[in-house]
Amino acid sequence: MVSKLSTTCHRSDIVGLKYVYPVISRRMGGLSIGINFNTNNACNWRCIYCQVPGLTLGAAPEIDLKLLEDELRFFLKDALEGDFYERFEVDGDKRVIKDIAIAGNGEPTSLKEFPEAVALIGKVATEMGVFPQSRYVLITNGSLVHQAKVQAGIKVLASYGGEVWFKLDSATVEGRALINNTAQSCKASVNNLKLSTRCCRTKLQTCLVDYDNQGLSILEQSAYLDLLAEIKVSGCQLQGILLYSMARLSLQPEASKLKPLSFDVLNAFASEIRLLGFDVSVSI
Ligand code: SF4
């Protein structure tokens, strides 16, 4: 069945592949090719805005690297030379591969063969002429960057000119427990952020939501700004900050208590962050 891809359509099984899926990206303005290592929908965090269906606690399963390579070659050929855009009625101005993003139904760096998989994707995309024109992005919660294998994978990403989008939604203990359901401290997260910036270009990605009609509290704003100021002073080379809110319904039990924050609220907060000297982009 032919389906129209749109910026709200993120069905990972839309082209019937196990690891590779297309998204017309709001943020990118074109085709983003997603790579999903977490075919078991397992993550080590449980963010209350998470849109992964049947999210479970755990790590990515063992990967079939041959199948990943076959799928990526097949899909890139279809997008570059086939009738992919026609079949899925992609708007003319979006018929360009903006990026290949490792962004799965869970935390991708939990994959045991993470460095090998990053290298394979880089090799195939380079051979097929997609890199270096298109970006290579790792979207991660950053919680495992202290692991040597994750740093090895991030260095491989850097060798292909890639970048890491590192999640930091809250700088308070309460906020991290509420939003991300993680016990990992903010300090540990920032240490991992620093490791990431030493291995590869790294941006912060921050999802801000309205929980239980509380809006974006002054406490959360202050803690986040204070943390960014500390990061700046430490000499950590952050490439920028991506602020966004929920674009689609959460599939978590807290869904009924969640609303996206308005563009105005995000923009006002972005202005505060820019005063600290960071490059900030906003999308909802
Ligand atoms: S880190 Fe990502 S995949 Fe994991 S729970 Fe949060 S939003 Fe979902």
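Worth pointing out:
- Inter-residue pairs, beta-carbon under 7 Å, first surrounded by fewer than 23 Cβ atoms within 10 Å (Cβ to Cβ) and in the range 108-122, second outside any helix (DSSP H, G or I), 6+ apart: LYS112/GLU62; GLU113/ILE63; GLY122/PHE131; GLY122/TYR136; GLY122/TYR160
- Selection of the range 251-284 for residues being acidic (Asp, Glu) and over 22 Å from the mean Cα position of the chain (by Cα) yields ASP264, GLU272.
- ALA177 being under 30 Å from ALA152 (Cα atoms) and assigned to a helix (DSSP H, G or I): yes
- Those residues of the range 58-95 which are in a loop (DSSP other than H, G, I, E, B), in contact (Cβ under 8 Å) with a residue 12 or more places away in the chain and over 24 Å from the mean Cα position of the chain (by Cα), in sequence order: GLU89
- Considering residues of the range 8-20 that are at pLDDT 95 or above and surrounded by 21 or more Cβ atoms within 10 Å (Cβ to Cβ) only, the residue farthest from the ligand (Cβ to nearest atom): VAL20
- Long-range neighbours under 6 Å by Cβ, at least six apart or interchain, first residue at positive phi within the range 35-57, second more than 9 Å from the ligand (Cβ to nearest atom): ASN41/GLY54; ASN41/THR56
- Residue count for the range 35-57, restricted to those that are near the ligand (Cβ under 9 Å from one of its atoms), surrounded by fewer than 19 Cβ atoms within 10 Å (Cβ to Cβ) and outside any loop (DSSP other than H, G, I, E, B): 0
- Note on the range 131-145: among residues that are over 23 Å from ASN105 (Cβ atoms) and out of contact with any Gly (no Cβ under 6 Å at 6 or more places or on another chain), the one that is nearest to the ligand (Cβ to nearest atom) is PHE131.
- Matching entry among GLY215, GLY240, GLY235 (being touching a residue at least 40 places away in the same chain (Cβ under 8 Å) and over 20 Å from the mean Cα position of the chain (by Cα)): GLY215
Residue by residue, here is whether (1) out of contact with any helix residue (DSSP H, G or I) (no Cβ under 7 Å at 6 or more places or on another chain); (2) modelled with pLDDT of 95 or more; (3) part of a helix (DSSP H, G or I) holds:
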site	(1), (2), (3)
GLY142	no, yes, no
ALA152	no, yes, yes
LEU157	no, yes, yes
ALA183	yes, no, no
ALA188	yes, yes, yes
ASN192	yes, yes, yes
THR197	yes, yes, yes
THR206	yes, yes, no
TYR224	yes, yes, yes
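- Residue satisfying all of: in the range 248-282; of a type in the set (Gly, Ala, Ser) and either assigned to a helix (DSSP H, G or I) or touching a Pro at 6+ places or on another chain (Cβ under 7 Å) (or both); farthest from LEU204 (Cα to Cα) among these: SER256
- Looking across the range 95-107, just one residue is crowded, with 18+ Cβ neighbours inside 10 Å and either touching an Asp or Glu at 6+ places or on another chain (Cβ under 9 Å) or basic (Lys, Arg) (or both), and that is LYS98.
- Filtered residue count, the range 256-272, keeping only those that are among the hydrophobic types (A, V, I, L, M, F, W, C) and farther than 18 Å from ILE179 by Cβ: 3
- Within the range 151-205, the set of residues being among the charged types (D, E, K, R) and closer than 24 Å to ASP99 by Cβ comprises LYS155, GLU163, LYS167, ASP169, ARG198, ARG201, LYS203.
- Between GLU62, GLU71, GLU81, GLU86, the distinction of being farther than 27 Å from TYR211 by Cβ and either at pLDDT below 90 or surrounded by 20 or more Cβ atoms within 10 Å (Cβ to Cβ) (or both) belongs to GLU71 only.
The values are calculated or read from the model by the stated rules, or taken from the named source; none is laboratory data. Just so you know, these numbers come straight off a predicted model, no measurement behind them. Note: ideal-geometry Cβ built from the backbone for every residue, glycine included; neighbour counts use all protein chains shown.
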